[in-house]
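Remarks on the structure that follows.
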Amino acid sequence: MCCAPRSRRVLVLGIGNILWADEGFGVRAVEEFHRRFACPENVTVMDGGTQGLYLVPHVAAADALVVFDAVDYGLDPGSLMLVHDDEVPKFAGIRKMSLHQTGFQEVLSAAQLLGSGPKSLLLIGCQPLDLEDWGGPLTPPVRAQIEPTLAAACAALRQWGIAPAPRAAPLAVGEGLLGHSTDHDAYERRPAATGI
Amino acid sequence: MTVVTTPNGFKLDNSGRRVVVDPVTRIEGHLRLEVNVDDKNVIRNAVSTGTMFRGLEIILRGRDPRDAWAFTQRICGVCTGVHAITSVRTVEDALGIAIPDNANIIRNLMHATLYAQDHLVHFYHLHALDWVDVVSALSADAKKTSRLAQAVSSWPLSSPGYFRDLQTRLKKFVESGQLGPFKNGYWGHPAYKLPPEANLMAVAHYLEALDFQKDIVKIQTVFGGKNPHPDWIVGGVPSAINVDGSGAVGAINMERLNLVGKIIDDTIAFIDQVYIPDLLAVASFYKDWANWGGGLSSMNVLAYGDFPDIANDYTNKSLLLPRGAIVGGNLKEVQEVDLKDPGQIQEFVSHSWYHYPDDQKGLHPFNGITEPNFALGPNTKGTKTDIKAIDEGAKYSWLKAPRFKGQAMEVGPLARWVVGYALGREDIKEPVDAVLKKLNVPVTALFSTLGRTAARGLECQWAAHRMKHFYNKLIANIKNGNLSTANVAKWEPSTWPNEAKGAGFCEAPRGALGHWIKIKDTKIDSYQIVVPTTWNGSPRDPAGNIGAFEAALLDTPMADPEKPLEILRTIHSFDPCLACSTHVISPDGREMAAVKVR
């Protein structure tokens, strides 16, 4: 798995729904990764949202995949768990990875059915505390895991021969993956959070 | 209740055995269905329960109206584009913003692309498995499959070797025990009628359709800047046209336009040569499904219309998919629809877990209230956390009950095509008549599960050909030097009135979608959304009218209530999407649909 040629196509993917509190973990993690690190051209950094089967072409095109998601492992809230390669679909099979009917397991197996899909996989999953706070932010224990998540993602990428370069300064609002007030900070400042 | 007749003419009998399907699989979001079957296993009562709670409106209050599209497109992974387009139209309506011709064309092109992709994905990846037995495909003869494929279409991927390779891949996949997208299937169910060869052909096209997505999404990327989650803007479209530009991020240049043109041709070819022949081939084995699943479709259908061919003209003179309502089966009179008329569209909550000042009265979305009020009726069987049978005499769903002039309506491709047919639109009438003739079924066959599935296929083909129409219009404009893509005259909030309200619409692939906004002091004061699945999956209203799902399930015979394939066929034919109509209250980890017969 290590020392693969640099031309391999790598996808760094965050999935989940930012409108459902901790369900947004994956998207917020990839948003922060993109804000803080620049990657070589063969790496795609993607906010996958809850696109389900629509993600298949992107996943099928990747040789290696890092995916961030809120996963219900039945652990303490905020527990981070790293799952590798063949274990990923197996793990995803225990519980639904997303609240959507099309779990990420289906996306992976659909890519596999097409005869493609990543050979190297890393799932960085965080145990959510609250999925029911409609319009709510990430809870503190989950938010605290974003930093360790980025470190784990960088370590995996380096193992695959890719060096994410820390940006001199994090990207400004408007240059990030999520715009139009859906970026993490603007979303948090919504009047509903402070006023109600 | 044992036997009642509803005001909209359906006989309900809940005395027989109760069958519970929870959750219904291969849909977005969470839907529970309960039916009563008689001693011959024919469905005599149906109860549709959206088991989540929604409250998007709360998130939007106090925000910048120009950002609303970005939030609404996050509601659901399937409907991103449709909420975005509806939201920008809503704000434009409120503020009186006219968009340039190019913006209208590009929006139509993106929307038609979404239709083509969404209908394809729905047919092959969500609905086909109700008709196609994947396991049976393993026993197909590759040579015979090749002959079958070549008899129904000129599509080049049809050699015996191609099908043999595919079968080997499928076999390996199934043997690995990871059924993936094929789990939750009732393989071997007696209601599957296709020969193994037709099953293998359909599975091959299932995979081709999956693969084809990677091309079709590039159109959204060209015009929306990225995929997933393309960009939108109030007043037009975000990407500038710069025909001579090379590689500038987000600009529409000649190289990208050529790419779009090629993908459009490929999309038309795939739908003409794969989807439509498959649809006809599969339908020919399931003509009995022209008898069931019609529900409201022969009586009450509603379409807001879409694809304005003239920018800013949202009347039927301009709308390529027309607007209108048919009530009481009177196809001679297509009624006008006005989203802002307080007497037309109203939502009721007498059977929904919400509280209104008066639960017996409906509210127009401008005055909509979303105040949860969960309580189970006295005849509920089981407990709050383990409901064995819901009490449909009381509140029983997280969906509200939208009504048009008090009537329950069906929305979606079939509704749109019935409205178009009734209005005598040739581009709708002609393909419908051709399919009816080809399948040798009467026009009444339209009002059925089969008709609904066929309408979606014809609409997919219609949309693919319209992609070409819009593309040609865009190229003609560019050649004439018309490059404007956005009207920013009212971009600055200082140009807005203190108070404004507006309504926006779109025909999402799965049906009529409406947004309603009130703006106060440049911020969103209220925002209401009525989505297609709320119309189709609605519970009863104070008068006792049943919604489209409930009506469509009635009188369907089931081969085996333990394996409710027939229920899935009819419900999937609506392409339900509950992610935005509802919100998860208690996520559960179950993978298989639980079916309980009592």
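Read-outs: derived from the displayed coordinates by stated rules, not from any lab. Remember, it's a predicted structure, so these values are computed and weren't measured experimentally. Glycine gets a Cβ as well: all are built from the backbone with ideal geometry, and neighbour counts include every protein chain shown.
Quick look at the values:
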| item | result |
| --- | --- |
| Fully extended contour minus Cα-Cα distance, from B:I58 to B:N258, at 0.36 nm per residue | 67.7 nm |
| Peptide-level mean, for B:220-228, of C-beta atoms on other protein chains within 10 Å | 2 |
| Spin-label model distance (nm) - A:S7 vs B:S15, 7 Å beyond Cα toward Cβ | 7.5 |
| Prolate/oblate/rounded call for chain B, Cα gyration tensor, a/c under 1.5 rounded | oblate |
| The protein assembly as shown: C-alpha gyration tensor shape, a/c 1.5 cut-off, then a/b vs b/c | rounded |
| Peptide A:53-65, shielding by other chains (average Cβ, 10 Å cutoff) | 4 |
| B:S154-B:T444 FRET efficiency (beta carbon distance; Förster radius 30 Å; 0.05 resolution) | 0.40 |
| Förster radius 51 Å - calculated FRET efficiency between B:E492 and B:A375 (Cβ-Cβ, nearest 0.05) | 0.60 |
| Ranked by how many other beta carbons lie within 10 Å on average, peptides A:161-170, A:141-150 from highest | A:141-150, A:161-170 |
| Full-stretch length increase - B:K171, B:D39 - with 0.36 nm per residue and alpha-carbon distance subtracted | 43.6 nm |
| Cross-link table B:K11/B:K317; A:K119/B:K218; B:K214/B:K468; B:K340/B:K400, entries beyond 29 Å C-alpha to C-alpha | B:K11/B:K317 |
| Helix-only mean residue ellipticity at 222 nm for chain B, each DSSP H run of n ≥ 4 adding -39500 (n - 2.57), per residue, nearest 500 | -11000 deg cm²/dmol |
| Members of B:K40/B:K183; B:K332/B:K438; B:K405/B:K438 lying beyond 31 Å, as alpha-carbon distances in this model show | B:K405/B:K438 |
| Test item: Cα-centred dipole of segment A:10-195, Lys/Arg +1 and Asp/Glu -1 on Cβ, debye | 280 |
| 10 Å beta-carbon shell around B:A325, net charge (K/R +1, D/E -1) | 0 |
| Prolate/oblate/rounded label for segment A:10-195 (Cα gyration tensor, a/c 1.5) | oblate |
